[in-house]
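Beneath this line is the structure, given in structure tokens, with notes to follow.
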Amino acid sequence: MVIEEIEFYKNHKLALDGRETSDLQKHFETRSSLYRHLGILPSLVKDNKVLEIGPGSGFNSLYTASLEPSHYVLVEGSSKSVENIKTLFSNYPFLEKRIQIEEMMFEDFESPYLFDIVLCESVLHGMTDSLSALRKIATFVDN
């Protein structure tokens, strides 16, 4: 289930993505549109537990954090991406306090509780065994 891309980025101390967020409102509108299209309304996130697997540098996580989940865990295997997440969120202290970052491969992640929503955008395509990955992801979802 190893993500070959992650290993490459970790070995070379690179970040996995980069997005322009100088116009935060436009970025949030784009994310809101995507979430609505997927059926993820703000009321489904607010006051619920959210797990995000592979958030990269965290740009898309800004929007999710703004929806006020009760608990928001970001699991990221690239140390450079984790560093970028911390730097990005430090510019938004009201959002920074809403996240918990776990620097590890998601295969190694364990949680004492289940999540209402699990996000893994642009993650499965890099898996060598996506079926096993989906099975692992499903263990985090509350019924």
* How about the stretch 35-53: which of its residues are over 12 Å from ASP116 (Cα atoms) and either touching a Phe, Trp or Tyr at 6+ places or on another chain (Cβ under 9 Å) or touching a residue at least 60 places away in the same chain (Cβ under 8 Å) (or both)? -> TYR35, LEU41, PRO42, ILE53
* Of the conditions (1) more than 25 Å from ASP23 (Cα to Cα); (2) open to solvent by 20 Å² or more (accessible area, probe 1.4 Å); (3) aliphatic (A, V, I, L, M), VAL123 fails just one. Which one is it? -> (2)
* Count, please, the residues in the stretch 88-143 that happen to be part of a helix (DSSP H, G or I) and either charged (D, E, K, R) or over 20 Å from PRO69 (Cβ atoms) (or both). => 13
* List pairs: first in the stretch 116-143 and of a type in the set (Gly, Ala, Ser), second part of a helix (DSSP H, G or I), Cβ under 9 Å, 6+ apart or cross-chain? -> GLY126/GLU4; GLY126/GLU5; GLY126/ILE6; SER130/LEU124; SER132/GLU107; ALA133/PHE106; ALA133/GLU107; ALA133/LEU124
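Considering only residues that are assigned to a loop (DSSP other than H, G, I, E, B) and open to solvent by less than 80 Å² (accessible area, probe 1.4 Å), look in the stretch 9-22 and name the one that is modelled with the lowest pLDDT. Don't jump to the end; show me each part of the working.
Step one: of the stretch 9-22, the residues assigned to a loop (DSSP other than H, G, I, E, B) are 12-22.
Filter once more, so that each one left must be open to solvent by less than 80 Å² (accessible area, probe 1.4 Å): 14-18, 21.
On the way: LEU14: 43, ALA15: 46, LEU16: 49, ASP17: 55, GLY18: 53, THR21: 63.
Going through the qualifying residues, I end up with LEU14.
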* Asked: Looking at the stretch 51-81, which of its residues are open to solvent by 10 Å² or more (accessible area, probe 1.4 Å), part of a helix (DSSP H, G or I) and not basic (Lys, Arg)?
  -> PHE59, ASN60, TYR63, SER66, SER79
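Among the residues of the stretch 35-48, count how many are open to solvent by 60 Å² or more (accessible area, probe 1.4 Å) and of a type outside the set (Asp, Glu).
Step one: list which residues in the stretch 35-48 are open to solvent by 60 Å² or more (accessible area, probe 1.4 Å), which gives 36-38, 41-44, 46-47.
Then keep just the ones that are of a type outside the set (Asp, Glu); that gives 36-38, 41-44, 46.
Looking only at that region, the number is 8.
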* May I ask you to list the residues in the stretch 86-100 that are crowded, with 19+ Cβ neighbours inside 10 Å and β-branched (Val, Ile, Thr)? => ILE99
* To do: Report, by residue number, each residue of the stretch 126-143 that is exposed (fewer than 11 other Cβ atoms within 10 Å of the Cβ) and touching a helix residue (DSSP H, G or I) at 6+ places or on another chain (Cβ under 8 Å).
  => THR128
* Structure fact -> Taking first residues from the stretch 79-92 that are under 9 Å from SER57 (Cα atoms) and without any contact (Cβ under 8 Å) to a residue 60 or more places away in the chain and second residues anywhere that are open to solvent by 50 Å² or more (accessible area, probe 1.4 Å) and among the aromatic types (Phe, Trp, Tyr), the pairs with Cβ under 6 Å that are 6 or more apart or on different chains are none
* To do: Determine whether the stretch 24-40 contains at least one residue that is within 22 Å of PHE140 (Cβ to Cβ) and among the polar types (S, T, N, Q).
  => no
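The values are calculated or read from the model by the stated rules, or taken from the named source; none is laboratory data. Worth saying up front: this structure is predicted, and the values here are computed from it rather than measured. Neighbour counts are summed over all protein chains in view; Cβ atoms, including those assigned to glycine, are modelled from backbone coordinates with ideal geometry. Surface areas here come from the heavy atoms of the whole protein model, side chains and all, with no ligands, DNA or RNA. Shrake-Rupley method; radii C 1.70, N 1.55, O 1.52, S 1.80 Å.
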